[in-house]
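What follows is one structure encoded as C-alpha cells, with my remarks underneath.
The values are calculated or read from the model by the stated rules, or taken from the named source; none is laboratory data. Just so we're clear, the structure is a prediction, and the values are computed from it rather than from any experiment. All Cβ positions, even for glycine, are placed from backbone atoms using ideal geometry, and neighbour counts span all protein chains on display.
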Amino acid sequence: MAEGQDWLGLAGKIAVVTGAAGGMGRAMAAGFAAAGAAVALLDRDAAACEALAADMSGQGARCVALGCDTTDEASVRAAAEAVAARLGPADILVNNAGVLRPGPLSTLPVAEWDALLAVNLTGYLLCAQAFGRGMTERGSGALVHIASIAASNPQPRSGAYSPSKAAVAMLSRQLALEWGPSGLRSNVVSPGFIRTPMSEAFYAAPGIKERREAMLPSRRIGTPADIADAVLFLASPRASYVNGAEILVDGGLGTALMELTPRPGF
C-alpha cells in the first residue's frame, strides 16, 4: 500500500471475520484486504470460504479460509489456533455469523429458539473468548459485533431473532466494560435494510423494494459495503476512543417513525 493511503491504520493487522461466505462477510473481508490487513475467513460453509479465499488471494490479499462452526467451542478454539499459526495473533474479530429462523413465539419450538441463539449469541461469546484471550494478553484489540435494527425494534414472527440481536448489543457493552481496562474495544454495528443473499427472498416479491425505499430518508436499500465501511472504522485505530458503542447503519429508518405516522394537516 502506498504511503499515505493507510488512513485507517489497518495495514499489517490481522482480522478475523465469521460468516465470511455471506454477503456482508464478503464485503468486510474485501474491505480489510483493501486496507492492507490479513484476513481469516471463517464460515460453516468451508467450500464457499475456500473459493472466496482463492479469489481474494488472486487479487493479492493475504488470507486463509477455515471451516468453523461458531456454535461449537472446540471448532472455534481450533480455528483460533489455526489463525495464530498461519497468520499470527488476531488484532480484530468481527462477529458476523448469523441466521434467521422465522416463526411466531406462540408456537415456536424450544429447539428452534435454542438453535438460533446458539449461532447469533453464544457463538459470539465463544469467538470473543477464543480470539480475545490473546488480545488481552497483548493489551490491544478490537471486537465488532453485527446486531440489527431488530435489536431495538421487535421483529414479529421471527422467532428468537430480535431477542438474540438485543442480547448481542448487551454482550458487546459488557465486554467493553470488562475488557476495556485490558486494552480491548467492543462495539456494535446494527444494519437496517441491507440487500444480501439472506434477505434476497424479500426483494423478489413485487413492490417490496420500492415500498421499503419509500420508508427510508436516504431512499435506498443498503448494501453490504455500507456495513463493511462502518465495521472497518470501528475496527481501526481511528476509533480508538469508541468503546461500548452502537452504530446504526439504516439509512435513517430509526428516525422515521413520526414521518410514517399519519398526521392530518401535515
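Some observations on this one:
- Selection within region 114-162 - within 14 Å of P191 (Cβ to Cβ), of a type in the set (A, V, I, L, M) and surrounded by fewer than 24 Cβ atoms within 10 Å (Cβ to Cβ): I149, A150, A151
- Counting only helices (runs of 4 or more DSSP H) that sit completely within region 111-206, those holding 1 or more residues that are modelled with pLDDT of 95 or more correspond to 123-138, 161-179.
- Answer residue from region 89-104, given it is over 14 Å from R185 (Cα atoms) and surrounded by 14 or more Cβ atoms within 10 Å (Cβ to Cβ) and is farthest from the chain's Cα centre (by Cα) among those: G103
- Among residues of region 228-242 being in contact with a Gly (Cβ under 6 Å, 6 or more places away or on another chain) and buried (at least 20 other Cβ atoms within 10 Å of the Cβ), the one that is farthest from F193 (Cα to Cα) is S236.
- Check on V76, under 24 Å from G23 (Cα atoms) and either loosely packed, with under 15 Cβ neighbours inside 10 Å or at pLDDT 95 or above (or both): yes
- Within region 49-59, being free of Cβ contacts under 8 Å to residues at least 12 places away in the same chain and either under 19 Å from G12 (Cβ atoms) or surrounded by 15 or more Cβ atoms within 10 Å (Cβ to Cβ) (or both) holds for one residue alone: S57.
- Of all the numbered requirements in (1) more than 24 Å from V39 (Cβ to Cβ); (2) assigned to a loop (DSSP other than H, G, I, E, B), V242 misses one, and that requirement is (1).
- Remark: I247 falls outside the filter, which requires a residue to be among the β-branched types (V, I, T), surrounded by 18 or more Cβ atoms within 10 Å (Cβ to Cβ) and farther than 25 Å from R185 by Cα.
- Qualifying residue in region 29-43 (condition: of a type in the set (A, V, I, L, M), at pLDDT 95 or above, crowded, with 24+ Cβ neighbours inside 10 Å and touching a Lys or Arg at 6+ places or on another chain (Cβ under 6 Å)): yes
- Residue within region 89-101 that is touching a strand residue (DSSP E or B) at 6+ places or on another chain (Cβ under 8 Å), assigned to a helix (DSSP H, G or I) and touching a residue at least 60 places away in the same chain (Cβ under 8 Å) present: no
- Taken over region 238-266, the criterion of being over 18 Å from the mean Cα position of the chain (by Cα) and under 29 Å from A11 (Cα atoms) is satisfied by R238, S240, Y241.
- Scanning region 177-194 turns up no residue that is more than 20 Å from I146 (Cα to Cα), touching a residue at least 24 places away in the same chain (Cβ under 8 Å), in contact with a Gly (Cβ under 7 Å, 6 or more places away or on another chain) and crowded, with 17+ Cβ neighbours inside 10 Å.
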